[in-house]
Amino acid sequence: MDDSKLLSAFQELARPVPVKPRPRMAFDVCQPGVVLRAVLFVWAVLAVAALFPARDWYDWLQRLALLSGAALPGALLWLVLTCASSQLLARMPSSAQQAVCIALGAVCGFLNCALIAATGLLGMGAPWLASTFAGALLAAVVVTALVLRDKGRMPAETAARLAELQARIRPHFLFNSLNSAIALVREDPARAEALLEDLSELFRHVLIAKTDAATLSEEVQVARHYLDIEQVRFGDRLRVQWSIDPEAAKAKVPALFLQPLVENAVKHGVEPSPTGADVKVTTQKRGSVVVVKVTNTVPSGQGKPGHGVALDNVRDRLRLLHDVQAQFQTALIDGRYQVRIEVPA
């Protein structure tokens, strides 16, 4: 590889890539965890409201059953309408999104009253105005809580991203990679060029200002670039296996979540062992979920334990993105350390 190719590879490494931000909702009501909390909140408000006119526990249960039958269908309708229109709402400013959702709450409150009035249980005095304003008020409270939750997750995502960037751009990793490329320039120019291309692609993915989510296929590519670079450094000591399910490629995952897992596998499996380690990355779609596994053999049992910062970051970012739908587990099984992740397909 001549000097011009080496220079162009470094220029490619440093070249910034503009990324157009995608429209997003100021809050997300489509997650099952959010739906469950919203329904429980409405039910709790109804339970308290039913206490005021109740003469005893039996009377309270009757009133709660009546209020729940009247209000919960409207609450579920609001959640369905808000989730179904999320792509349209995402194009609006945040304040407009909130106003539309509160207006939807008022409409659902009115429809609630119409539903219960149609049963004849309210007689002639259907509380149309009260139901409409109650729907708007409950929607406003839920929207405000979701907006505050979304704002609260921003610092956590920023801190996690900064920690991951520091782990990814460690000086010794960059120096080792460049030293490996320099050593290969004369004896194997094509391999040196491939290494620099992998380094360029890895840093491109890391340094681009991404959103909070990516596809699993993108994250697999980042992990491949990283392991290809480390393969040059460790040679036969790093034995990598890939088992990638194409049907799992579009699963939504936190950006830069897979690379720290394979980095941990190299750090705790390959580096401490004179004979190296086997590293396996598996993705598989199972019904409505996608399972991601990263396993590595460990020297003499589990080896020297780390601080767990990378694993904690990944776990926290999965929880922020998918709430109760995400699962994160680690285990040492038969001399292999395994990280197992489940996300919605």
Inspect the range 253-261 for any residue being surrounded by 17 or more Cβ atoms within 10 Å (Cβ to Cβ), assigned to a helix (DSSP H, G or I) and not polar (S, T, N, Q) and give the result as yes or no.
yes
Look at A130 and say whether it is closer than 17 Å to V45 by Cβ and assigned to a helix (DSSP H, G or I).
yes
Considering only residues that are within 20 Å of T295 (Cβ to Cβ), outside any strand (DSSP E or B) and touching a Lys or Arg at 6+ places or on another chain (Cβ under 6 Å), which ones fall in the range 219-252?
D245, A248
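Kindly indicate whether L318 is within 30 Å of V35 (Cβ to Cβ) and at pLDDT below 90.
Yes: the conditions hold for L318.
The values are calculated or read from the model by the stated rules, or taken from the named source; none is laboratory data. None of these values were measured; they are calculated from a predicted model. Every residue, glycine as well, gets a Cβ built from its backbone with ideal geometry; the counts of neighbours run over all protein chains shown.
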